[in-house]
Each structure stands twice: as structure tokens, then as C-alpha cells.
Amino acid sequence: MKVAVYPGSFDPITYGHIDIAKRALKVFDRLVIVISVNKAKNSLFTGEERVEMVKEVMKEYKDNIEVIQSDDLTVKQTKAIGATHIIRGLRAVTDFEYEFQMTHANRVLESEIDSIFFMTDNKYSFLSSTTVKEIASFRGELSPFVPELVEKAIIKKMNK
Ligand code: ADP
């Protein structure tokens, strides 16, 4: 069974993340979405909230997807899970530089774990969780970018 890890902040999950996960599932039997919980990063949602949202949004794939949170190094976590590959999404050239460095650093740490990159559908190639939060802060329309339950969660959180 081919297992991959899809790591990220997912703060919150967007249609861009969902698109990448679906593409990865065409190649791998199982996908473990690892939500990185970094206390130093100022996140909008807690790790638990992000896990619940991702599970709900991806529920039609629940037989092939697991969602966990982690504060461990991705590459160590990948090995511990027994996965062989790390999935990442590429939006633009700007993502490449960072991913290039991470992939090589990961190889030094765990030489047998490889990374695979997918590109989203054109319509999500500009989309990030940060953009979504920015639009939300100006009360902009969120439905083109995130599923309805995520939209509701953002509005609720921002109105607190
Ligand atoms: P990180 O905080 O590690 O950047 P993110 O939650 O922003 O994590 O994203 C996780 C992964 O999903 C990254 O590889 C990122 O490039 C990818 N990703 C996020 N949004 C998109 C998108 N719209 N198109 C393609 N890849 C995306």
C-alpha cells in the first residue's frame, strides 16, 4: 500500500488544498494529512479545529484519508507513520524556492523519504489560507475559495 503525508498549516483548508489532496489520492492508496501546529505561528484556528474542519470537508474520502496534528518535524513524522512520500502543492515560482530548500534539507535528514509536487487547477493557483483570511477581514465573499462550513467557521471566529 502506497502511503503519503500531506503536511501544512491548513489554517483553514481551502479549495486549493482539497484539489491537491484529490490529485494525490489518484497516485497513493492512503493520504495522511498532517496539520502542523506551531505555537510560534499565530494561527486563526486551533489544531483541533483544523483537524475537525479537514475531516468534515474530506469526509467522502474518509476511507483513504487520515487527519492528524503534529508539532514534530514533517520528515520524522512521515517515517514514523510508515509513509514513503511527502506531498506538497506548487502555486507559483515563489513556492518553488522554499520547497527546493525543504526537499533537500529533508533528504539530508531522511534520505529515503521523497517529495512529490502537484499543481492545482488554474483557478486556485493564487489561493492561500492567508489570502482567505485577508478577504474575510474585509468581509469579502469567501464562497469561491473555501467550502461553506469553513466559511461559517471563519466568520464565527472573526466575530468573536
Ligand atoms: P504551509 O503553512 O506549510 O505553507 P499551507 O497550509 O499553506 O502550509 O499549505 C500546505 C501545502 O498545500 C503547501 O505545499 C502549499 O503549497 C499547498 N497549497 C496550499 N494552497 C494551495 C493552492 N491554492 N494551490 C496549490 N497548492 C496549495
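Where a number appears in this text, it was derived from the coordinates with a stated rule and is not lab data. Bear in mind that the values here come from a model prediction, so they are computed numbers and not experimental data. Glycine gets a Cβ as well: all are built from the backbone with ideal geometry, and neighbour counts include every protein chain shown.
Just order 5-15, 149-159 by mean Cβ neighbour count inside 10 Å, highest at the front, would you?
Numbers: 5-15: 24.1, 149-159: 14.9.
Packing order, densest peptide first, comes out as 5-15, 149-159.
Report ³J(HN,Hα) in whole Hz for each residue of segment 83-91, in order, from the Karplus equation J = 6.51 cos²θ - 1.76 cosθ + 1.60 where θ = phi - 60°; Gly and Pro get x.
So the Karplus estimates, Gly and Pro as x, are 8, 9, 9, 10, 9, 9, x, 10, 9 Hz.
Got a sec? Which residues in segment 41-75 would a label at Glu148 touch, if it sits 7 Å along Cα→Cβ and we count backbone N under 13 Å?
Those under the cut-off are none; the list is empty.
Would you pull out the residues with amide H under 5 Å of Ile87's amide H, same chain only if 5 or more places away, H placed 1.01 Å from N?
Sorted by chain and number, the residues that satisfy this are Val5, Tyr6, Ile116.
If packing is taken as the average number of other Cβ atoms within 10 Å across a peptide's residues, how do 126-134, 100-108 rank, most packed first?
Details: 126-134: 16.8, 100-108: 12.9.
Final packing ranking: 126-134, 100-108.
May I ask you to compute the full-extension gain from Asp114 to Leu90, defined as 0.36 nm times their residue separation minus their alpha-carbon distance, rounded to one decimal in nm?
Working: separation 24, 0.36 × 24 = 8.64 nm, distance 1.56 nm.
7.1 nm is the gain from fully extending Asp114 to Leu90.
Could you tell me whether segment 1-62 comes out rounded, prolate or oblate from its Cα gyration tensor? Rule is a ≥ b ≥ c as square roots of the eigenvalues, rounded for a/c under 1.5, then prolate if a/b exceeds b/c, otherwise oblate.
Details: a/c = 2.16, a/b = 1.76, b/c = 1.23.
Prolate, because a/c is 1.5 or more and a/b exceeds b/c.
Straight-line reach only, C-alpha to C-alpha below 28 angstrom: list the lysines that Lys41 could link to, leaving out same-chain residues fewer than 8 apart.
Lys22, Lys55, Lys59, Lys76, Lys79, Lys123, Lys133, Lys152, Lys156, Lys157, Lys160
Place +1 on the Cβ of every Lys and Arg and -1 on the Cβ of every Asp and Glu in the chain, take the dipole about the Cα centre, and give the residue among Ser111, Val34, Ile135 whose Cα lies farthest towards its positive end.
With unit charges placed on the Cβ atoms, the residue in question is Ile135.
Could you give P(r) for the chain, binned at 10 Å from zero, as whole percent values over all Cα-Cα pairs?
Each 10 Å bin holds this share of Cα pairs: 10, 40, 38, 11, 1.
May I ask for the net charge around Val27, where only other residues with Cβ less than 15 Å from the Cβ of Val27 are counted and Lys, Arg are +1 while Asp, Glu are -1? Walk me through the intermediate numbers first.
Working: positive: Lys2, Lys22, Arg23, Lys26, Arg30, Arg88; negative: Asp19, Asp29, Asp114.
Counting the neighbours of Val27, the net charge comes to +3.
Could you let me know the centre-to-centre spacing of segment 92-160 and segment 10-25, using Cα atoms, in angstrom?
8
Under unit Cβ charges (Lys, Arg +1; Asp, Glu -1), what dipole magnitude, rounded to 20 debye, does segment 1-159 have relative to its Cα centre? Intermediate results must be reported in sequence, preceding the final value.
Details: 22 positive and 23 negative charges, 20 e Å.
With only Lys, Arg, Asp and Glu charged at Cβ, the dipole is about 100 debye.
Working out 0.36 nm times the residue gap between Thr131 and Met102, then minus their Cα-Cα distance, what length gain in nm do you get to one decimal? Show your work: numbers first, answer last.
Working: separation 29, 0.36 × 29 = 10.44 nm, distance 2.28 nm.
The Thr131-Met102 span can extend by a further 8.2 nm.
Quick one: Debye curve from the C-alpha atoms of segment 66-160, no solvent, what's log10 I(q)/I(0) at q = 0.14, 0.15, 0.17 Å⁻¹?
-0.72, -0.80, -0.93
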